[in-house]
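Chemist: Could you have a look at this structure, given as C-alpha cells, before my questions?
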Amino acid sequence: MAQSMHTLSGGFDLTMDELRVVARYVVQHAEDVLPVFEQAIPDDLRPRAAIDAAWAFVNGAKRTKLQRVSSLDAHRAARSAPSEAVRLAARSAGDAAAAAYLHPIAKASQVGHILRAAASAARIGEIEAGGDPAIGNALLERSRQHATPVLVDVLSRYPPATSGSNRVAQLMSTLDHCLRQPADRSPGHTALNPSDPRRRECES
C-alpha cells in the first residue's frame, strides 16, 4: 500500500497513515465484540457495515461519507439495543468507522475515538464473566500490548482521558494512563500514587 502523507492540521498534525493506525486499533477491538450484537440482533446489519467501512479506510481507501454514514447508523443501532453488552458492541462498530475522522485538536474528548472501543470490549468481557473486574483488567492489558508506538504517539498529542462515573469511562481512563506511562517522562510529570487503582491495574 502506498504511503499517504496527506496531513491534517488543527492543534497539531495528523497524517492519513496515522489515522489508519488508529482506525486499525479501533476496528480490531470492535470486530472482536461484533458477534455479541449479531447474535442478539442478527437481522440488523448496520454495525457490520460500519466495520466494513472502517476496514476499507484502514486498507487504503479514501475516507468518505461511507465512514460517516455507517458510523451514525451503527450508533443508532446501539441506542435501540436490548442490553448493555449489545449496545457497547454496536457503539464500538460506530466508533471504528468514525476513527477515520479523528480531529487533530487537543481535547480530552477525542481520546474516546481512540480508546473507547477497547474499553467497551473490556467491559463486555466483564459482563460476560458475571461482572468480574479482573477480566476487564486482563483485556485492558491485552489492548495495551496491541497498541503500536505510532498509536501511543498519536494518543500522547491529546490531553488524558478523564475518568467518568460509568465503567467504560473508568476502563478507558485506566488504559489511557497505562499507554502513556512508559513515554511520559516529561518535566513536571507526576507518577500516580501507589494507592491509585489505575497504577495497580497497569502493573497487574
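No value in this document is a laboratory result; all are computed from the given coordinates. Keep in mind the model is a prediction, meaning the values are calculated, not measured. FYI the Cβ positions are ideal-geometry reconstructions off the backbone, even for glycines, and counts take in every protein chain you see.
Chemist: Go ahead and collect, in residue order, the members of the stretch 103-122 whose backbone nitrogen is under 18 Å from a label point 7 Å along the Cα-Cβ direction of Arg180.
Modeler: Answer for the stretch 103-122: 103-119.
Chemist: Based only on other Cβ atoms within 10 Å, what is the fewest-to-most ordering of Asp132, Asp43, Asp95? List each step's numbers first, then the result.
Modeler: Details: Asp132 13, Asp43 5, Asp95 29.
Ranking Asp132, Asp43, Asp95 by Cβ neighbours within 10 Å, fewest first, gives Asp43, Asp132, Asp95.
Chemist: Could you pull out which residues in the stretch 12-38 have an amide N less than 17 Å from a spot 7 Å beyond the Cα of Val150, following the Cα-Cβ vector?
Modeler: 13-29
Chemist: 5 Å is the cut-off here: which amide hydrogens, built 1.01 Å from N in the peptide plane, fall below it relative to Thr15, excluding neighbours closer than 5 in sequence?
Modeler: Those qualifying (amide H under 5 Å, at least 5 residues apart or on another chain) are Leu8.
Chemist: Can you compute 3J(HN,Hα) from phi for each residue in the stretch 45-51, using the Karplus curve 6.51 cos²θ - 1.76 cosθ + 1.60 with θ = phi - 60°, rounded to whole Hz and x for Gly and Pro?
Modeler: Rounded to whole hertz, the list is 9, 5, x, 4, 5, 5, 4.
Chemist: Summing +1 for each Lys or Arg and -1 for each Asp or Glu, what net charge is found among the other residues whose Cβ lies under 14 Å from the Cβ of Ala53? Spell out each step's value before the answer.
Modeler: On the way: positive: Arg20, Arg24, Arg46, Arg48, Lys62, Arg63, Lys65, Arg68; negative: Glu31, Asp52, Asp73, Asp95.
Summing Lys and Arg as +1 and Asp and Glu as -1 gives +4.
Chemist: Hey, rough spin-label estimate for Ser80 and Lys65, points 7 angstrom out along Cα→Cβ, what's it come to in nanometres?
Modeler: Those two pseudo-labels are separated by 2.2 nm.
Chemist: Note down the net charge around Thr148, summing +1 for each Lys or Arg and -1 for each Asp or Glu among other residues with Cβ under 12 Å from its Cβ. Provide the component values of the computation, followed by the final result.
Modeler: Values: positive: Arg20, Arg24, Arg144; negative: Asp17, Glu18, Asp153.
It works out to a net charge of 0.
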